[in-house]
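Trainee: Got a structure for you, questions after.
The values are calculated or read from the model by the stated rules, or taken from the named source; none is laboratory data. Remember, predicted model here, so these are calculated numbers, not experimental data. Here the Cβ is made from the backbone with ideal geometry for all residues, glycine too, and neighbour counts use every protein chain on show.
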């Protein structure tokens, strides 16, 4: 692949560290790559800089672009061509979102005959597909002309494939594959089995923001129900921010005697917190993947998530990773009780499951994919 350049179009790069982690892993394997990022704020420029690959963060987007989708795509396309030097059909585009990035990749293919792959994420299915039916046929075109379509979990792949016509379903099935997000290898570099701090108390954990999608108040209700049932448990919550932040903080203030709230914490603190917890519960209605689940597993902590979302289909062992059939207090309580009954040796199972998500392994999959396309 010495003569091939991978150009990432990734509109969310400045908001999520996971993209930098992936691109850094690819760079360590000598992949020639550039990253193009259209941003909405000057504050995003310079974020997640890496000396091993070129990142172009261009402040060209405005609030109105959320509505004027096709104008936004034209704007991004023109800026892309201005900033990406010597762009040609020898390059491969990796579009990290189906609609916003994939539409640009589609236009560039039609002009330059450049091959591209495209990923499908939460925003694509739960916003664009749901609220922008006017873009449906554009979506179909993006999928048809992509070399490969990447899904982060099996639930999202099945969900998209099942809404298509028979002809399009067969086409998409033939070129779809699941490649989840990965974690840095240092998460897996531990002697966790010998240093785990065991406790007779069931230690529950939530990590994330406080958006309505995350259902933190419902988790608190489930925890209260566990207490009323006489189950000896603790609940620790780390994170904050989002459209339900004030509501959640008010609830936590009233529960300060029984729930430990840490706010936002750094990576080392988070790693230690996972290691001292038994079950991570993040009952999001929508979750493309969720790095917290793999991070928790890497430290021996079991996980609960919404079935069809997050890491659905990626871990077969339901004794360490359980999907909620629906988001309700009763379902959360029953799932916690179910996982709590599993033997302590399941912590080793968690760590082994997490090893399959190491960035070094997943970056190899992408390199094989790029080579196949080239």
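Trainee: Check whether at least one residue in region 57-75 is in contact (Cβ under 8 Å) with a residue 12 or more places away in the chain, under 24 Å from the mean Cα position of the chain (by Cα) and either part of a loop (DSSP other than H, G, I, E, B) or within 25 Å of residue 291 (Cα to Cα) (or both), and report yes or no.
Mentor: yes
Conditions (1) outside any loop (DSSP other than H, G, I, E, B); (2) out of contact with any strand residue (DSSP E or B) (no Cβ under 7 Å at 6 or more places or on another chain); (3) modelled with pLDDT under 95; (4) more than 21 Å from residue 355 (Cβ to Cβ), marked per residue:
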position	(1), (2), (3), (4)
269	yes, yes, yes, yes
272	yes, yes, yes, no
280	yes, no, no, no
286	no, yes, yes, yes
294	yes, no, yes, no
300	no, yes, yes, no
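Trainee: Residues of region 139-155 being part of a helix (DSSP H, G or I), buried (at least 19 other Cβ atoms within 10 Å of the Cβ) and modelled with pLDDT of 90 or more, which ones?
Mentor: Narrowing region 139-155 to residues part of a helix (DSSP H, G or I): 139-145, 154-155.
Checking the rest, the ones that are also buried (at least 19 other Cβ atoms within 10 Å of the Cβ) come to 139, 142-143, 155.
Passing the criteria: 139, 142, 143.
To keep it simple, each residue is scored yes or no on (1) within 21 Å of residue 217 (Cβ to Cβ); (2) crowded, with 18+ Cβ neighbours inside 10 Å; (3) outside the structural domain of residue 216 (by TED's automatic domain parsing).
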position: 263; (1), (2), (3): yes, no, no
position: 275; (1), (2), (3): no, yes, no
position: 281; (1), (2), (3): yes, yes, no
position: 301; (1), (2), (3): no, yes, no
position: 306; (1), (2), (3): yes, yes, no
position: 321; (1), (2), (3): no, yes, no
position: 336; (1), (2), (3): yes, yes, no
position: 351; (1), (2), (3): no, yes, no
position: 365; (1), (2), (3): no, no, yes
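Trainee: Give region 125-138 a look and list any residue that's in contact with a helix residue (DSSP H, G or I) (Cβ under 8 Å, 6 or more places away or on another chain) and either outside any helix (DSSP H, G or I) or surrounded by 13 or more Cβ atoms within 10 Å (Cβ to Cβ) (or both), or say none. Quick ask: steps written out before the conclusion?
Mentor: Initially, region 125-138 is screened for residues in contact with a helix residue (DSSP H, G or I) (Cβ under 8 Å, 6 or more places away or on another chain), giving 125, 128-129, 132, 135-136, 138.
Residues satisfying the conditions are 125, 128, 129, 132, 135, 138.
Trainee: Scan region 181-198 residue by residue and report those that are modelled with pLDDT of 60 or more and under 14 Å from residue 272 (Cβ atoms).
Mentor: From region 181-198, those modelled with pLDDT of 60 or more are 181-190; that's our starting set.
186, 187, 190 - these are the residues of region 181-198 that are modelled with pLDDT of 60 or more and under 14 Å from residue 272 (Cβ atoms).
Trainee: Please find, among 86, 11, 30, the residue that is assigned to a loop (DSSP other than H, G, I, E, B), surrounded by fewer than 19 Cβ atoms within 10 Å (Cβ to Cβ), within 25 Å of the chain's Cα centre (by Cα) and modelled with pLDDT of 90 or more. Working first, answer last.
Mentor: Values: 86 fails: within 25 Å of the chain's Cα centre (by Cα); 11 fails: surrounded by fewer than 19 Cβ atoms within 10 Å (Cβ to Cβ).
Residue meeting the stated conditions: 30.
Trainee: For region 92-120, how many residues meet the condition of being in a loop (DSSP other than H, G, I, E, B), surrounded by fewer than 20 Cβ atoms within 10 Å (Cβ to Cβ) and touching a helix residue (DSSP H, G or I) at 6+ places or on another chain (Cβ under 9 Å)?
Mentor: First pass over region 92-120, keeping only residues in a loop (DSSP other than H, G, I, E, B): 96-101, 113-114.
Restricting the remaining residues to those that are surrounded by fewer than 20 Cβ atoms within 10 Å (Cβ to Cβ) gives 113-114.
Imposing the further condition that a residue be touching a helix residue (DSSP H, G or I) at 6+ places or on another chain (Cβ under 9 Å) reduces the set to 114.
So the answer is 1.
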